Amino acid sequence: MILIKFGGSVITDKSKYHTFNAEYVKNMCNEIRESGKKIIIVHGAGSFGHILAKKNNLDEGYSCPTQIPAVAQVCYDVRELNSMVVKELNNAGIPAVSVPTGSCFMMKNKKLIMKDVSVLKSLYNCGIMPVMFGDVVMDEKLRFGICSGDQIIEKLTKIFNPSRVIFVSDVDGLYDDDPQNNPNARLIKELSRSTFDKVSTDITVTDVTGGIREKIETMFRICSDSCDCVLVNGTVKGRLLSLLNGEKVMCTTIRRD
Ligand code: IPE
C-alpha cells in the first residue's frame, strides 16, 4: 500500500483564509482511482487551519482563555475541509470516511502518541479509506496542540508498512536554491542528507507546523526505518498518476537507507 499526504498548499490557497482548491483535489482523487493502487490519504489544513492557529498561538498549547473558541473554530474549519476532500474521494469512486485525528491520537508535549488505531485498520480491511487530517489534538501536558498531517503519516507508516510515502505539494520538489529568485536553481531528484544540509528552505507562508524543512526531516525519518519518500507537485494534472504508475516524473525522492 501507499500513503499519500495531500499538502495544504495544494488543496487550499494557504494565503487566503478558508479557500478550497476543488479542481486540484478532484484531479488527484480521479488519478488515485485510476491508478488502482491501495492508498490511504492524510491531508493538511492549509488556510483552514494555519491562519487562525497562528493568530491564536495554538501551536504552543494553552496560555489564555481566548484561545478556547479559536480551538473550536479551527476544529470546525478543518472538518469542513475534510468533508470536501472525502466528498471528492467518494465522487471519484473511492469509498472513504473521515476519521478525526483525536479519535486515534493524543499529544504529549507536542509529540504525537497513538491511542487506539483499531478503527483505522478495521476500515482499511473493509475496503474503506480512513481519511485523517491535520487538526487540533488534546495534549496531556499543554492541554492542546497542533498535529500536522505529516506527523500522522509518520505514525501510519508504523501501522500500515507502506511500500512508498508520497507528499503532494504545490512545488515540483526541493531545489538547490530558491527558483523564484535564482533562474539557475536546480531540482534535486534524489536528496541525500548531506545535500539537504547545504540547501536553504525558507518558509514563505503562514505555517505553524514547520514548513518544508520539517517535512523533509519527517521524510528522512520515514526513510530510515520504512520506505522511500517522494515530494511531488499535485497542481500539475497527471503527475501523481504517472508517479503511481511507476513512470519517471519531476519530483524529489529520498531513498530508504
Ligand atoms: C496543520 O496540518 C494542522 C493545523 C494547522 C490545524 P499540516 O501542517 O499537515 O497542514 P499543511 O499541509 O501544512 O497545510
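Nothing in this text is a laboratory measurement; each read-out follows from the coordinates by a stated rule. Please read all numbers here as calculations on a predicted model, not as lab measurements. Here Cβ is always computed from backbone atoms with ideal geometry, including for glycine, and neighbour counts include all displayed protein chains.
Averaging sequence separations of C-alpha pairs under 8 Å and six or more residues apart, then dividing by the length of the range 144-257, give the relative contact order as a whole percent. Present the calculation step by step, with values, prior to reporting the outcome.
On the way: 159 pairs, mean separation 41.9, N = 114.
Reported relative contact order: 37 percent.
Under the Karplus relation 6.51 cos²θ - 1.76 cosθ + 1.60, θ = phi - 60°, what is the ordered set of whole-Hz ³J(HN,Hα) values for the range 134-148, x standing for Gly and Pro?
Ordered by residue, 3J(HN,Hα) equals x, 7, 8, 10, 5, 10, 4, 9, 9, 6, 8, x, 9, 9, 8 Hz.
Can you compute the modelled spin-label distance between Glu247 and Lys110, with each label point 7 Å from Cα toward Cβ, in nm?
Here the answer is 4.1 nm between the modelled labels.
Taking 8 Å as the Cα distance limit and 6 or more residues as the minimum spacing, I'd like the relative contact order of the range 1-69 as a percentage.
Values: 74 pairs, mean separation 28.0, N = 69.
RCO, the range 1-69: 41 percent.
Looking only at the chain, where both bridge partners belong to it, what percent of the DSSP beta bridges are antiparallel (to the nearest 5)?
Within the chain, antiparallel bridges account for around 40 percent of the total.
Can you give the helix-only mean residue ellipticity at 222 nm for the chain, where every DSSP H stretch with n ≥ 4 adds -39500 (n - 2.57) and the sum goes over all residues, rounded to the nearest 500 deg cm²/dmol?
Values: 9 runs with 94 residues, N = 257.
Calculated from helices alone, the mean residue ellipticity at 222 nm is -11000 deg cm²/dmol.
For a 31 Å ceiling on Cα separation, which of these pairs sit above it: Lys26/Lys158; Lys155/Lys248; Lys55/Lys237; Lys5/Lys141; Lys110/Lys248; Lys87/Lys141? Could you put the intermediate results ahead of the total?
Numbers: Lys26/Lys158 28 Å; Lys155/Lys248 28 Å; Lys55/Lys237 34 Å; Lys5/Lys141 27 Å; Lys110/Lys248 37 Å; Lys87/Lys141 35 Å.
Violating the 31 Å limit, Cα to Cα: Lys55/Lys237; Lys110/Lys248; Lys87/Lys141.
Would you give the gap between the C-alpha center of the range 144-204 and the C-alpha center of the range 218-257, rounded to a whole Å?
10
Which ordering of Cys229, Cys223, Cys29 is given by a fewest-first count of other beta-carbon atoms within 10 Å?
Working: Cys229 28, Cys223 20, Cys29 24.
Ascending Cβ contact count within 10 Å gives the list Cys223, Cys29, Cys229.
For Ile39, Ile153, what's the fewest-to-most ordering of other Cβ within 10 Å of each Cβ?
Ile39, Ile153
Could you compute how fast the range 1-148 diffuses translationally, taking Rh as the Kirkwood radius over C-alpha pairs and applying Stokes-Einstein at 20 °C with viscosity 1.002 mPa s? Give it in µm² per second.
On the way: Rh = 15.7 Å.
In µm²/s, the coefficient rounds to 137.
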